[in-house]
1. Under a straight-distance cross-link criterion of Cα-Cα below 16 Å, which lysines are reachable from Lys14, leaving out those fewer than 8 residues away in the same chain?
2. Under a Cβ-Cβ cut-off of 10 Å, what is the net charge of the residues other than Gly70 that fall near it, where Lys and Arg count +1 and Asp and Glu count -1?
3. Treat each spin label as a single point 7 Å out from the Cα along the C-beta direction, and report the Ile56 to Tyr155 distance in nm.
4. Please give the charge dipole size of the range 90-163, origin at the Cα centre, charges +1 on K and R Cβ atoms and -1 on D and E Cβ atoms. Round to the nearest 20 debye.
5. Could you state the angle between the C-alpha long axis of helix 40-60 and the longest principal axis of the C-alpha atoms of the chain, as a value from 0 to 90 degrees rounded to the nearest 10?
6. What angle do you read, to the nearest 10 degrees and between 0 and 90, between the alpha-carbon axis of helix 88-101 and the longest principal axis of the chain?
7. Could you work out the helix-only [θ] at 222 nm for the chain, with each DSSP H run of four or more residues adding -39,500 (n - 2.57) and the total divided by the number of residues, to the nearest 500 deg cm²/dmol?
8. Accessible area per residue for the chain in Å², computed with a 1.4 Å probe and the full protein assembly in place, what is it?
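The values are calculated or read from the model by the stated rules, or taken from the named source; none is laboratory data. What you see is a predicted model; the values in this text were computed from it and never measured. Note: ideal-geometry Cβ built from the backbone for every residue, glycine included; neighbour counts use all protein chains shown. All accessible areas refer to the heavy atoms of the entire protein, side chains included, with ligands and DNA or RNA removed. Shrake-Rupley method; radii C 1.70, N 1.55, O 1.52, S 1.80 Å.
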Amino acid sequence: IGTFYHHVDKSQMKRFYDYLNVKLVILQFGGNTVPSIRDTAMARNYASYMRNQVAILRKLAPEASILFIGPADMSVKDGTRYVTHPFVESVRDNLREAMLDAGCAFFDVFDAMGGRNSMPVWVDERLAGRDYIHFSPKGARKIGTLLYSALINDYNNYLRELP
């Protein structure tokens with residue numbers, strides 16, 4: 001659930017980041033947490049907790065940029081059809097707000113997939129498994145391509161804005 005920096009030797013991790021001269025850290029969290037979220041308050045608390053984890057990371061690697069990858073759409077069965085899990089959007093929205101406030105970049109996988117109820121389409125196109133949660137290798141490549149395209153697009157926009 002994201003307790004990663006509370007359980008590491010921080011001085012050793014700092015030495016590791018310094019030695020490697022880390023300039024970018026990519027984190028992806030939220031997907032495994034969604035099934036345990038029961039209300040919007042829990043989603044908000046989870047995002048706050050993750051923001052605290054990022055604050056620890058910032059102390060360990062102050063020169064590094066952080067890209068946070070949010071959760072994908074995931075479905076639950078509703079009668080005979082699959083629909084977006086009731087708290088995916090709340091987890092995603094709270095994480096996005098917390099990460100942007102923490103100065104991180106945020107890649108919205110849920111939105112990149114097509115938003116609400118996009119997972120059944122991904123399953124039909126064999127981009128996700130029949131569990132309506134996990135990507136297939138083909139789907140993982142597609143998300144990777146979408147992430148790369150977003151990064152390159154933003155980088156090119158940044159270059160155009162330079163004086």
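1. By straight Cα distance, Lys14 reaches Lys23, Lys59.
2. Values: positive: Arg92, Arg96; negative: Asp93, Asp108, Asp111.
In short, -1.
3. 3.1
4. Approximately 380 debye in magnitude.
5. With both axes taken from Cα atoms, the answer is about 30 degrees.
6. 20
7. Working: 6 runs with 82 residues, N = 163.
Using -39500 (n - 2.57) per qualifying helix, the result is -16000 deg cm²/dmol.
8. It amounts to 59 Å² per residue over the chain.
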